[in-house]
Amino acid sequence: MKILTGNSNRPLAEAIAAKLALPLVKANIRRFSDNEIFVEILENVRGEDVFVIQSTSYPANDHLMELLITIDALRRASARRITAVMPYYGYARQDRKTAGRTPISAKLVANLITHAGAHRVLTLDLHAEQIQGFFDIPVDNLYAGPVFSKEIKETLANRSLTVVSPDTGGVVRARAIAKRVDADLAIIDKRRERAGVSEVMNVIGDVKDRDCILMDDIVDSAGTLCNAAVALMDQGAKSVCAYATHGVLSGGAVARVAASPIEKMVITDSIMPTEAVRISPNVRPLSVAPLMAEAMKRISDETSVSSLFN
């Protein structure tokens, strides 16, 4: 078993390697003067089980190309099996046609990874679980739920908790967390007029005098979560916290969270935290390195991955 990383999230890759007590494979990933990407593997990988850790986060196109070129280099170096470990799967929000003459980019990315030579994919909290069906190779989709539920039990014990889904699409995720932490469930009925802009319409469920936990998979502009927090406080909620797996947090998202009623926002390190996140008083990253490391070990040992969540 060998572990290789691109440039998207080296701290996470180093943490995973440390958990597995393995060194990272030495590789040269650089750019020519025109930004063309070049990858050279500096160790023998012939016949090896190689895991390539690379989130396709900002800049998504550069990191995706790094992943594809690295997979191709490993395939041509005769690696026995190549697993693309993608803590954050970019383009996942484009998983269906939302209007006429629009792409399904999540499927296109799946095709690119498969044809580059990956034998399987390991990812975390896909935006839509049906994306697994876009691949013709095995996909292991991990869940951040156990990591979040442990943190909730440690920090929010003895509170009257209600887990809230910020939209109808996240109800399954919120229900799973609510069951783990023995909390009630509520739903935000949201209408999105256009991409990146959301309007909270209604709160379904009783949140009066409750400590609410907003649960989402991706937080980008943070507009949805901030609007939802305002709606919950207007309905009499005692406090609002937010948990999101992938902290994209583009533009002024961190400042928007700081100015909102959200007491704290917890994200994972599936995307390398920006400087704004690192200095923020109310945005805190949790490491998924132990979870990813255990899943990679089980894949290499050919043992069950799904039993991680039983």
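The values are calculated or read from the model by the stated rules, or taken from the named source; none is laboratory data. Keep in mind that what you see is a predicted model, and the values were worked out from it rather than measured. Don't worry about glycine lacking a Cβ; one is built from the backbone with ideal geometry, like all the others, and counts go over all protein chains shown. SASA here: full protein model, heavy atoms, side chains in, ligands and nucleic acids out. Shrake-Rupley method; radii C 1.70, N 1.55, O 1.52, S 1.80 Å.
How about segment 123-170: which of its residues are within 17 Å of residue 294 (Cβ to Cβ) and among the small types (Gly, Ala, Ser)?
144, 145, 149
Taking segment 174-213 as the region of interest, how many residues are out of contact with any Pro (no Cβ under 8 Å at 6 or more places or on another chain) and at pLDDT 75 or above?
Adding up the residues that qualify gives 26.
Which of the residues spanning segment 274-299 are open to solvent by 30 Å² or more (accessible area, probe 1.4 Å) and in contact with a Leu (Cβ under 9 Å, 6 or more places away or on another chain)?
If the condition is that a residue be open to solvent by 30 Å² or more (accessible area, probe 1.4 Å) and in contact with a Leu (Cβ under 9 Å, 6 or more places away or on another chain), then 274, 276, 287, 294, 297, 298 are the ones that fit.
Please go through (1) within 21 Å of residue 292 (Cα to Cα); (2) crowded, with 20+ Cβ neighbours inside 10 Å for residue 109 and return the number of the only condition it doesn't satisfy.
Going through (1) within 21 Å of residue 292 (Cα to Cα); (2) crowded, with 20+ Cβ neighbours inside 10 Å one by one, residue 109 breaks only (1).
Restricting to segment 115-137, count the residues that are outside any loop (DSSP other than H, G, I, E, B) and either among the aromatic types (Phe, Trp, Tyr) or open to solvent by 40 Å² or more (accessible area, probe 1.4 Å) (or both).
The total comes to 7.
Does residue 278 count as in contact with a strand residue (DSSP E or B) (Cβ under 9 Å, 6 or more places away or on another chain) and of a type in the set (Lys, Arg)?
Spelling it out, residue 278 is indeed in contact with a strand residue (DSSP E or B) (Cβ under 9 Å, 6 or more places away or on another chain) and of a type in the set (Lys, Arg).
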